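Colleague: One structure is given below, represented as structure tokens, and several questions about it will come after.
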Amino acid sequence: MSKVPYEVYTEEVEALSVLSPDGEIINKDKLPKLTDDQLKEIMYRMVFTRTWDDRAVNLGRQGRLGFYAPVSGQEATMVGSEFALQKEDFIAPGYRDIPQLVWHGLPLYQAFLYSRGHQHGGQIPDGVNVLMPQIIIGAQILHAMGIAMGYKLKKQKQVVITYTGDGGSSEGDFYEGLNYAGVYKLPVIFFVQNNGYAITTPFAKQTAALSIAHKAVAAGIKGVKIDGMDVLAVIKAVQEAAERGRNGEGATLIEAVTYRFRPHSLSDDATKYRTKEEEGEWNEKDPIARFAKYLEKKGLWTEEDTARVKEEAKAKVNEEIKKAEKTEKMTIPGLIDSMFEKTPKHLEEQKADFK
Amino acid sequence: MAQMNMKEAIRDALRVELKRDPNVLLFGEDVGHVGGVFRATEGLQKEFGEERVFDTPLAESAIGGLAVGLGIQGFRPVAEIQFVGFIFEALDQMAIQASRMRYRSGGRYNSPIVFRTPFGGGVKAAELHTDSLEGLLTQTPGIKVVVPSNPYDAKGLMIASIRDNDPVFFMEHLNLYHAFRAEVPENDYVVELGKANVVREGSDVTIITYGMMVHTSIKAADELEKTKGIKVEIIDLRTISPIDIDTIVASIQKTNRAIVVQEAQKSAGVAAEVIAQINEKAILHLEAPVLRVAGPDTVYPFAQIEDTWLPTPTRIIDAVNKVLEF
Ligand SMILES: Cc1ncc(C[n+]2csc(CCOP(=O)(O)OP(=O)(O)O)c2C)c(N)n1
């Protein structure tokens, strides 16, 4: 009989970094294998995502977008984690995880339509393995379980990644998800973007655990903590987790320590709960600046490249928002007909109220 | 008297009760330090301290269960569920645990809890932030459901809810938080739970409604009076569980015609319950069937087409005309 250890995991786990803030490789063993073209593509996506976020915030202020949750600062976790997956892998996102969906194949104009409350926004094209953004924090984690079990039953070597925040890691659904994944050895990656706040509630008031990664222990799955401002650390951790999933070794919980430069949503005022100093400290860890330094040293990226990508992104965003705006408006009869495969009689009658 | 909007009136009620009774506690996601996502509880943590007014981790079932446990300990928790769509996460604690504590313990324990939740459409909020889910709770025995339509009622109903020894689900319409100001007494007063209010007297037809739809109905009634001289009586239910059927019956005895207006989807909700009770208690006074104006039985379509989805004055006028012409 094995002995139960007297004390279990009470020390802080150190977060994995691959790049130093100056863009130097500090952890050679954990450098993901990537070609120069791939490195440039990752940078392209991060700059594009930042530009799109800037534009989205403006579009929101102009009333051209609806609900929108900013992402700036989280480009490494979002772009990097998606990049480490294969096209066939599945994404179950929270409301903020729109970049992962778009880089996985959801057309950008549909992301805008979703934001504007148009149901076509959630109509995922065939062959794109994602769910629409989830508003109920934690619900998507349980869907990920089911999808992963499906892959397992069908003996397909695909993995499912599901995202939530530090706040989301307190929900009952989160614990239930970890536990199921452990019991059934499911190919799931739980990716927690710990950006220090759940709306206004700081991490210290969210949990007394030293890290979210610790929470994997109780579920019998692997838990790791990584530097979420370091895109190479993100890619490495997700690649390893995906490989474990594909090899039948089960689930991984990844806690990525990151920061969102903007408040929770467009209607929130972060100055009520965050300090300028804190924001300044995190600015120095900007994932784009850090990765740019690395690429510049390798001769793969210049400031002109950044400027070019920004222009491209602006043009693309303009095109896509126009496309969203031109999409035919929903109607109530159309909405009624989308409730059931065959519209029941009482609903047919209700259409008459909306002529 | 002071001029307050509905949000300020609710905050004032909470302040009055926190001050009066040391057993009153206020908690939920983000309610403490910054005073909630709508700032409805702003300043209360500063005034009463972190032991009385506090932020919880993000876990609604735990918020509900905490309230139940504190209730057993003799506290009077006022627990906020940040937006209505998230009550499902807490539904076991609200609809099953809190509501049957008195029954299960043979009266040994009770659940003197107020669950506060913002809800209500027309504000272009995100998905699942505005749905009218009150029907779910009105189906549950053992819990009262309150929906104020103005600042005066909101304060008096909130104070009454906190003092009530049974659980109350208190729903605050987003569109009414800042809609207008009204005279609100600064001292404490209660508006009795379970009592409706005749907000407009009339003799031709009765509109029974609650929450934001009181105001939409008033618009329709103004129009009917102006264009056709029709005198509409409007009843604001204020408490939708239990329903004040006596006030409704008295009105129908006078007007002999009625419609019910609710924001929620049409089937099996509060309007259906009101009509069932009218059938039981006043059928012989009716000159026409009682009609419902409600949202259609679809999911709530956030943002894009909510203005056409929600009951409009035009749809209310159509229904009134139908019962008058029956
Ligand atoms: C079940 C549920 N409860 C509450 C909310 C309201 N809400 C939206 S975001 C949020 C905070 C989430 O914080 P976190 O999980 O850390 O993610 P972040 O927004 O920081 O990325 C809350 C409380 C919700 N959407 N769903």
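Colleague: Inside the stretch A:90-168, counting only helices (runs of 4 or more DSSP H) that do not spill past its ends, which hold 3 or more residues that are of a type in the set (Gly, Ala, Ser) and away from every other protein chain (no Cβ under 14 Å)? It would help to see each step written out before you state the result.
Modeller: Details: elements: A:98-103, A:108-115, A:139-153.
Result: A:139-153.
Colleague: Right, here's the next one. Just checking, does the stretch A:64-76 include any residue being part of a helix (DSSP H, G or I), within 16 Å of the ligand (Cβ to nearest atom) and away from chain B (no Cβ under 14 Å)? Steps first, please.
Modeller: First pass over the stretch A:64-76, keeping only residues part of a helix (DSSP H, G or I): A:75-76.
Filter again for within 16 Å of the ligand (Cβ to nearest atom), leaving A:75-76.
Subsequent filtering for residues that are away from chain B (no Cβ under 14 Å) retains A:75-76.
Looking through the stretch A:64-76, at least one residue is part of a helix (DSSP H, G or I), within 16 Å of the ligand (Cβ to nearest atom) and away from chain B (no Cβ under 14 Å).
Colleague: Taking the residues in the stretch A:328-343 that are more than 7 Å from every other protein chain (Cβ to nearest Cβ) and touching a helix residue (DSSP H, G or I) at 6+ places or on another chain (Cβ under 6 Å) as candidates, determine which candidate is most open to solvent (accessible area, probe 1.4 Å).
Modeller: It comes out as A:Pro333.
Colleague: Report the residue count in the stretch A:98-114 for those that are within 16 Å of the ligand (Cβ to nearest atom) and either open to solvent by 10 Å² or more (accessible area, probe 1.4 Å) or among the β-branched types (Val, Ile, Thr) (or both).
Modeller: Of the residues in the stretch A:98-114, the ones within 16 Å of the ligand (Cβ to nearest atom) are A:98-101, A:114.
Add one more test, that the residue is either open to solvent by 10 Å² or more (accessible area, probe 1.4 Å) or among the β-branched types (Val, Ile, Thr) (or both), and what stays is A:98, A:114.
Result for the stretch A:98-114: 2.
Colleague: Can B:Val274 be described as outside the structural domain of B:Ser149 (by the TED database), modelled with pLDDT of 95 or more and not in a helix (DSSP H, G or I)? Working first, answer last.
Modeller: Values: outside the structural domain of B:Ser149 (by the TED database): yes; modelled with pLDDT of 95 or more: yes; not in a helix (DSSP H, G or I): no.
Judged against the criteria, B:Val274 is not a match.
Colleague: Tell me the strands (runs of 3 or more DSSP E) entirely within the stretch B:180-224 that contain at least 3 residues that are modelled with pLDDT of 95 or more and farther than 28 Å from B:Lys19 by Cβ. Please lay out each step first, then the result.
Modeller: Details: elements: B:182-184, B:197-200, B:205-209.
Fully inside the stretch B:180-224 and qualifying: B:197-200, B:205-209.
Colleague: Scanning the stretch B:1-44 for residues that are within 14 Å of another protein chain (Cβ to nearest Cβ) and more than 16 Å from the ligand (Cβ to nearest atom), which turns out least open to solvent (accessible area, probe 1.4 Å)?
Modeller: B:Gly43
Colleague: I've got another one for you. Anything in the stretch A:261-312 that is open to solvent by 70 Å² or more (accessible area, probe 1.4 Å), away from the ligand (no atom under 16 Å from the Cβ) and without any contact (Cβ under 8 Å) to a residue 60 or more places away in the chain? List them, or say none.
Modeller: Across the stretch A:261-312, the qualifying residues are A:Thr271, A:Thr275, A:Lys276, A:Glu277, A:Glu281, A:Asn283, A:Glu303, A:Glu304, A:Arg308, A:Glu311.
Colleague: Further question on the same structure: Kindly provide the set of residues from the stretch B:58-113 that are within 14 Å of another protein chain (Cβ to nearest Cβ), under 14 Å from B:Phe169 (Cα atoms) and outside any helix (DSSP H, G or I), ordered by number.
Modeller: Matches in the stretch B:58-113: B:Glu80, B:Ile81, B:Gln82, B:Phe83.
Colleague: So, in the stretch B:64-94, exactly how many residues are open to solvent by 20 Å² or more (accessible area, probe 1.4 Å), within 16 Å of the ligand (Cβ to nearest atom) and over 19 Å from A:Thr201 (Cβ atoms)?
Modeller: Going through the stretch B:64-94 one residue at a time, the tally reaches 4.
Colleague: Ok, one more. Just give me the residues in the stretch B:291-307 being open to solvent by less than 20 Å² (accessible area, probe 1.4 Å) and within 7 Å of another protein chain (Cβ to nearest Cβ), in sequence order.
Modeller: Result: B:Pro296, B:Thr298, B:Pro301, B:Ala303, B:Ile305.
Colleague: Considering each residue of the stretch A:170-206, count those that are within 16 Å of the ligand (Cβ to nearest atom), farther than 26 Å from A:Gln86 by Cβ and not β-branched (Val, Ile, Thr), and give that number. First the steps, then the outcome.
Modeller: Kept after step one, since they are within 16 Å of the ligand (Cβ to nearest atom), are these residues of the stretch A:170-206: A:170-178, A:190-206.
Those left that are additionally farther than 26 Å from A:Gln86 by Cβ: A:170-173, A:175-176, A:195-206.
The next check asks that each one be not β-branched (Val, Ile, Thr); those that pass are A:170-173, A:175-176, A:195-198, A:202-206.
Within the stretch A:170-206, residues that are within 16 Å of the ligand (Cβ to nearest atom), farther than 26 Å from A:Gln86 by Cβ and not β-branched (Val, Ile, Thr) number 15.
The values are calculated or read from the model by the stated rules, or taken from the named source; none is laboratory data. All of these numbers come straight from a predicted model, not from anything done at the bench. Neighbour counts run over all protein chains shown; Cβ positions are idealised from the backbone, glycine included. The area values use the complete protein model at the heavy-atom level, side chains included, leaving out ligands, DNA and RNA. Shrake-Rupley method; radii C 1.70, N 1.55, O 1.52, S 1.80 Å.
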